[in-house]
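What follows is one structure encoded as structure tokens, with my remarks underneath.
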Amino acid sequence: MFLTHSKNGLAEEPDYARLKDKNGRVILCYKCGKSALKGPIIPCDHCTLYWHMDCLDPPMTNPPSQLKKWMCPNHVEHALPKKRKRKDTVIVDPQDPYNVPNDGNIEVVNEPEETETEGEEEKTWQRGRLEELSYGGVTYRLPERAIKLNFMESIRRLV
């Protein structure tokens, strides 16, 4: 929430007890689903979500500064380490893509629509619309279907 000015040029304090936004929609906390009647509610400056200061973990004691943007907990990209891609990787297409270990460090590439024929699907495989996993300088390309089936098989074993 940036510092806003009124018509006469004076700085305006943000209203943390508002019940509706500027479009007339009800403001509800993303975590608890309650309005500002429960307590002060602050908007995220990077998305359309609102949060009670008590619903944050850890709870916020004072409203965020108006001089810089406030980011809600749904934005964790800045806290995660950046992924590095090695330039000297060897790309391998495994014969059995259903038994390749997956550490979760992958890029998701969607498969083609189900209306395509098998021949077109094979062309898509060759064009590289596949998952890539990198272990020790070797990159494994896997179809999205293999990753989904491995996940479902793991869940089935747990249940």
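Laboratory data are not the source of any read-out in this text; all were calculated from the coordinates shown. Just so you know, these numbers come straight off a predicted model, no measurement behind them. Here the Cβ is made from the backbone with ideal geometry for all residues, glycine too, and neighbour counts use every protein chain on show.
Local charge sum around Ala36 (other residues, Cβ-Cβ under 10 Å, Lys/Arg +1, Asp/Glu -1)? Mind showing how you got there, number by number?
Working: positive: Arg18, Lys20, Lys34, Lys38; negative: Asp15.
In short, +3.
If the only charges are +1 at each Lys and Arg Cβ and -1 at each Asp and Glu Cβ, what is the size of the charge dipole of segment 1-80 around the Cα centre, to the nearest 20 debye? Walk me through the intermediate numbers first.
Numbers: 10 positive and 8 negative charges, 56 e Å.
About 260 debye.
Spin-label point model (7 Å from Cα, Cβ direction): what's the Leu28 to Leu149 distance in nm?
4.1
Taking the highest mean first, how do the peptides 38-48, 143-153, 19-29 order by number of other beta carbon atoms within 10 angstrom per residue? All intermediate terms of the calculation are to be shown ahead of the outcome.
Numbers: 38-48: 16.0, 143-153: 14.4, 19-29: 11.2.
The densest-packed peptide leads the list: 38-48, 143-153, 19-29.
Quote the convex hull volume per residue of segment 1-80, based on C-alpha atoms, as a whole number of Å³. All intermediate terms of the calculation are to be shown ahead of the outcome.
Values: hull volume 8.4 nm³, N = 80.
Hull volume over Cα atoms, normalised by residue count, gives 105 Å³.
Place a point 7 Å from Cα of Leu67 in the direction of its Cβ. Which residues in segment 14-29 have their backbone N less than 19 Å from it?
Taking a point 7 Å out along Cα→Cβ of Leu67, the residues of segment 14-29 whose backbone N falls under 19 Å are 14.
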